[in-house]
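Worksheet for the structure shown next.
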Amino acid sequence: MSVNPDKEYEQLRVSGLHAFYGESHILHGIDLVVNRGELVTLLGRNGAGRSTTLKAIMNMVGRRTGSIMINGEETMSCAPHHIARLGVGYCPEHRGIFSSLSVQENLTLPPVVRSGGMSLEEIYTMFPNLYERRTSQGTKLSGGEQQMLAMARILRTGANMLLLDEITEGLAPVIVEKLGEVLVALKEKGLTIVLVEQNFHFAAPLADRHYVVEHGQIVEEIGAHELTEKQSVLNGYLGV
């Protein structure tokens, strides 16, 4: 595995990424770059390949080809646990918390993959709801609290690049607003965030750049400063 010293500001570079589930060809040559400290969204309709892109970055698909560079290191031959040790934290759409364990047990269980993970005190300051529910089992949490817990677990590990899949889906507006505040705080801490999001109104004010995914390909890249002039184009892709 070689490291390219000229790419110190690029935390993630995906080139010509194809991904397969069995015989199904889902991604058809994804190309994207995410720089350190950026918040970048993957926008598109359901089934476009956005969630599969995150899974492919983690090597959690059936087969993949192309190139995925993380911190300048080629990771196509890496196992998922090695990718996590490069500082990548993945929050799946189904959240994946341990429902039989308490909030605090969920937060103390994840292994530390690198230094810089948030302490319990820092977690509870960022997510005061979790402090109030720290002795509650996962099954007793609301959908919003489960989502906060899923994100908090990643932050405990020391991950500095977060892959977040549909974190606002099905949640009450007050919880969505809180998650937006958390993303702003994490960005201010210097974390890199790749966000798959259906709620464009949530994502628009947060992101530095947007990639639009359609039929397993990137069809548009839109900077935050271009949103107004390209709004009609974006609405067409999103079916708004």
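The values are calculated or read from the model by the stated rules, or taken from the named source; none is laboratory data. Remember, it's a predicted structure, so these values are computed and weren't measured experimentally. Ideal geometry is used to build each Cβ from the backbone, glycine not excepted, and the neighbour counts take in all protein chains shown. Accessible surface areas use protein heavy atoms only, side chains included; no ligands, DNA or RNA. Shrake-Rupley method; radii C 1.70, N 1.55, O 1.52, S 1.80 Å.
Could you run through region 164-204 and say how many residues are of a type in the set (G, A, S) and on the phi > 0 side of the Ramachandran plot? Lay out the reasoning, then the answer.
The first filter runs over region 164-204 and keeps only residues of a type in the set (G, A, S), leaving 170, 172, 180, 185, 190, 203-204.
Applying the additional criterion that residues be on the phi > 0 side of the Ramachandran plot yields 170, 190.
So the answer is 2.
Under the condition of being in contact (Cβ under 8 Å) with a residue 60 or more places away in the chain and small (G, A, S), which residue from region 142-164 is farthest from S119 (Cα to Cα)? Walk me through it before giving the result.
We begin by selecting, within region 142-164, every residue in contact (Cβ under 8 Å) with a residue 60 or more places away in the chain; these are 151, 154-155, 157-164.
Filter once more, so that each one left must be small (G, A, S): 158-159.
On the way: G158: 10, A159: 13 Å.
The extreme case among them is A159.
From the residues in region 198-236 that are in contact with a Leu (Cβ under 9 Å, 6 or more places away or on another chain) and among the polar types (S, T, N, Q), which one is nearest to G66 (Cα to Cα)?
Q217
Are there any pairs with C-beta distances below 8 angstrom linking a residue in region 54-72 that is within 14 Å of T192 (Cβ to Cβ) to a residue that is part of a loop (DSSP other than H, G, I, E, B) and of a type in the set (A, V, I, L, M), with the two at least 6 apart or on different chains, and if so which?
Partner pairs satisfying both residue conditions: I70/L86; N71/L86.
Any residue in region 185-203 that is among the basic types (K, R) and at pLDDT 95 or above?
At the first step, the residues of region 185-203 found to be among the basic types (K, R) are 187, 189.
Of the ones still in play, those that are also at pLDDT 95 or above are 187.
Yes - at least one qualifying residue is present in region 185-203.
Suppose we filter region 181-240 for residues that are under 20 Å from M148 (Cα atoms), touching a Lys or Arg at 6+ places or on another chain (Cβ under 8 Å) and assigned to a strand (DSSP E or B); how many remain?
3
Take region 199-209 and flag every residue that is buried (at least 22 other Cβ atoms within 10 Å of the Cβ) and either among the acidic types (D, E) or in contact with a Phe, Trp or Tyr (Cβ under 6 Å, 6 or more places away or on another chain) (or both). Spell out how you get there, then give the answer.
Narrowing region 199-209 to residues buried (at least 22 other Cβ atoms within 10 Å of the Cβ): 207.
None - no residue of region 199-209 is buried (at least 22 other Cβ atoms within 10 Å of the Cβ) and either among the acidic types (D, E) or in contact with a Phe, Trp or Tyr (Cβ under 6 Å, 6 or more places away or on another chain) (or both), so the list stays empty.
Please enumerate the residues belonging to region 125-172 that are within 29 Å of H82 (Cα to Cα), open to solvent by 10 Å² or more (accessible area, probe 1.4 Å) and in a helix (DSSP H, G or I).
M126, E145, Q146, R153, I154, R156
Conditions first: (1) over 27 Å from E121 (Cα atoms); (2) of a type outside the set (D, E, K, R); (3) open to solvent by less than 30 Å² (accessible area, probe 1.4 Å); (4) without any contact (Cβ under 8 Å) to a residue 40 or more places away in the chain. Q231 passes all but one, so which condition is the exception?
So Q231 meets the others, but not (3).
What are the pairs with Cβ atoms under 6 angstrom where one residue, in region 115-134, is touching a residue at least 40 places away in the same chain (Cβ under 8 Å) and the other, located anywhere, is open to solvent by 30 Å² or more (accessible area, probe 1.4 Å)? Sequence gap at least six, or different chains.
G117/R156
Look through region 183-198, keep the residues that are surrounded by fewer than 17 Cβ atoms within 10 Å (Cβ to Cβ) and touching a residue at least 24 places away in the same chain (Cβ under 8 Å), and return whichever of them is nearest to the chain's Cα centre (by Cα). Spell out how you get there, then give the answer.
Of region 183-198, the ones surrounded by fewer than 17 Cβ atoms within 10 Å (Cβ to Cβ) are 184-185, 188-190, 198.
The next check asks that each one be touching a residue at least 24 places away in the same chain (Cβ under 8 Å); those that pass are 185, 190, 198.
Details: A185: 15, G190: 15, Q198: 13 Å.
Only one residue tops the list, namely Q198.
Just a yes or no: is a residue in region 88-105 out of contact with any His (no Cβ under 7 Å at 6 or more places or on another chain), part of a helix (DSSP H, G or I) and among the aromatic types (F, W, Y)? So that I can check it myself, show each step before the final result.
Of the residues in region 88-105, the ones out of contact with any His (no Cβ under 7 Å at 6 or more places or on another chain) are 88-105.
Among the residues that remain, those that are also part of a helix (DSSP H, G or I) are: 103-105.
Within this subset, residues satisfying the condition of being among the aromatic types (F, W, Y) are none.
Looking through region 88-105, none of the residues is out of contact with any His (no Cβ under 7 Å at 6 or more places or on another chain), part of a helix (DSSP H, G or I) and among the aromatic types (F, W, Y).
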